[in-house]
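Student: Before anything else, here's the structure in question.
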Amino acid sequence: MVECVFYRHRDRYTLAEDYTVVIELKPPQSLTHQRISLSPEGRLMIKRGYSWQGPQGYTGKIFVQMRASLIHSALNDLLTTGQLEPGDTSSIDDICGKVITSDQYGSRRVWWI
């Protein structure tokens, strides 16, 4: 079953409601940055009003990748602020790949996104 992400689109996507998901990335302590928090249990919380660019490139069914692009953007924000280690990059990509696959986009195209 596909989880819903409620957003508005103008020049960027803006989260219309808080979004929470449990992911495999579990930091040793809680991390927070602006509208993003990640608990040691892997609970990623993204607050209403968070803005991101959305899926990049030609994606076909853009709505299927919206959740993965939101998670990817939030985790990359934690990475660029130095709260996640550079070695976590592959974990971030793996998490988003699993989200895309679980949202029934198909594992064949995950490597391309």
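The numbers here are math on the coordinates, done by the rules we state, and not lab data. What you see is a predicted model; the values in this text were computed from it and never measured. Glycine also receives a Cβ, built like all others from the backbone with ideal geometry; neighbour counts cover every protein chain displayed.
Student: Taking neighbour counts of Cβ atoms within 10 Å as a proxy for exposure, in what order, fewest first, do Leu31, Leu79, Leu38 appear?
Tutor: Values: Leu31 18, Leu79 15, Leu38 24.
The order, fewest Cβ neighbours first, is Leu79, Leu31, Leu38.
Student: Name the long-range amide H neighbours of Gly54: under 5 Å, sequence gap of 5 or more, or other chain; modelled H, no Pro or chain starts.
Tutor: Hits under the 5 Å cutoff: Tyr13.
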